[in-house]
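Note sheet for the following structure.
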């Protein structure tokens, strides 16, 4: 038996005695994520690396380039700032040490020693990495017929460690190709050996051609992948990653592209297609791309990026020259079409989802059909109260809304009412993420929520946070209104219970939304819970807290005193809580008239546009949706009368049957046709006009940009401030990562820089 076959059999769980393949004992590889939770390998000291941020690796940290070089000693940091390791190693699975004959020793060192300190692989990692080293061998036309498949279609849920699964073969393939090009250059020169020529090729080839192109649906996920790539390449000196996403300077991205190596490129479809159509240097750099990886492919299609993907792929080498990995949580007909178009006919299909439902089956999921629109805000508040009581001292909730306007409004509402209606009161942290916020604000908010260990945190968000981004310790996901698709419901729920942890999902629907539940979510294990049942549960918990005290709830910490800002998790609630629970409905009813009427009207318009497009999926009519949105604006949000809706606006959103439908106020009132005057809401839905920057818990620190080479100095891409920077051949190099630097020096030379908010200006 050859060594490669022996290695693959070991990774798949067979005990293979040396020199024999006759006696094999199957090792039970657990494939179900719900049957045995992942256990993260805990490092003896917090992770730190010159290839990653010294504080935390964040999906929200922005950059356009980074370099991974050999590390030196680094200081420790508090565990609270460390990110959740996606797909943490599962005890009992194949070990990473079994890869020692299949991957580069420095790659294995990053996985098993620093920075990851992993021991065991997750199921998706075991399946993919069992194909090593053949999976990373460079393409050669003479071996196409005889070699095993190089392309992959992988069906795996989020949070299962798939990022490491595709990064390891990508990095290994890049290293192998560079060595192949160096040796080929010597052979083409008619020489037997020439170390100097090989060294020149090893330096020049990575600076001219892209190794792996990874396409991700969102900026946040793209940045997270880029940071993860730097961690896997931690010990490979000079290995660099480029990041092309919107919300940051294209000029800076191009300057870094021309100056540095192009080992791995992580991009969002929109920004990459823009660069391909406007920058010939990007086209030239990608024309020999070795590997294409489509991560979260189902979300890429859901977000309407199919045309962009097809256009981008046209710039790349064709299969089988190009290797392609396609990762998706679901394999829908649309995904199969993309697979047929992008993958080689001879490819591996890997499915590591055991359960018939694509949803994480170990997460309890509930749905509530509200009696009326007036019950929505009280019910959501009761869900938050329920979570703060059942997860006392560790409550961390994500609240998803269908539109940006409703997200803004809900964030403003929760900031106002949390102090009076929730057990944690003023100690509740409310965060807000949506497309109307600047990229810098989204970055700060995401980073801070990720690190929040207050025990009373709420993230109010649109679908910007639905996928990929890891938020450790999320105890509950609440979805208000229907999601955009079944897949989106799955991805939202996947924000809790990650890496085998516990969590809960709640779906809150208005009566006219119930068609989506019965039509699109029939295969999802949703259990019904009524408003009265939840009310009874919250009342019982509140009474128990008032009777038994905080010791019965705060079991993991010292109870008896409220947390002061910055001093640790909450250890006590200011009671009594029972009166708050009993008076909740009346207090919400009193509060609603104080909502900004302009904010409510804009929210109504956004909801009407959203739901009209979902008419077929809801199995209802547009008339029902229009009436439902009108009722919601008055009963649910306290508007005195429904907003005026013009015929022109209804036609623009696809609602027109030739009849006049001027609903609500008079013609002279504000409608939704034509230019809009400046709104006193100021795109936020606040009930006051004060800046709430201090309530976002965002950080501010000084930034500096560390350059590398001056070789690409033109008036278009360079700035006078960067003149005189060190050339790329000077040692030691500046070491960079996707995240803010920690402010210390490496060997007394230079401060590390990071992909941070400098690019947003």
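Assorted remarks:
- Label-point separation in nm, residue 540 to residue 337, each point 7 Å along Cα→Cβ: 4.9
- Kirkwood's formula applied to the C-alpha pairs of the stretch 365-593 gives a hydrodynamic radius of 17.8 angstrom.
- When peptides 594-605, 333-344 are ranked by their average number of other Cβ atoms within 10 Å per residue, the highest-first order is 594-605, 333-344.
- Protection proxy ranking of 520-528, 219-227, 198-206, 471-479 - average other beta-carbon atoms within 10 Å, highest first: 219-227, 471-479, 198-206, 520-528
- Inter-label distance for residue 527 and residue 372, nm, one decimal - labels placed 7 Å from Cα along Cα-to-Cβ: 3.0
- With the simple model of a label 7 Å out from the Cα in the direction of the Cβ, residue 202 to residue 277 spans 4.1 nm.
- Each of the peptides 401-412, 139-150, 295-306 was scored by the mean count of other Cβ atoms within 10 Å over its residues; in descending order, highest first, they stand as 401-412, 295-306, 139-150.
- Theoretical gain in end-to-end length, residue 519 to residue 552 [0.36 nm per residue, Cα-Cα removed]: 7.7 nm
- Linear extension gain, residue 652 paired with residue 284, 0.36 nm per residue minus alpha-carbon span: 128.3 nm
- For the stretch 390-524, the square roots a ≥ b ≥ c of the C-alpha gyration tensor eigenvalues yield an a/c under 1.5, which makes the shape rounded.
- Length gained when the stretch residue 192-residue 147 is fully extended (0.36 nm per residue, less Cα-Cα span): 13.4 nm
- Prolate/oblate/rounded label for the stretch 401-452 (Cα gyration tensor, a/c 1.5): oblate
Read-outs: derived from the displayed coordinates by stated rules, not from any lab. Everything quoted here is computed from the prediction, not taken from an experiment. Glycine gets a Cβ as well: all are built from the backbone with ideal geometry, and neighbour counts include every protein chain shown.
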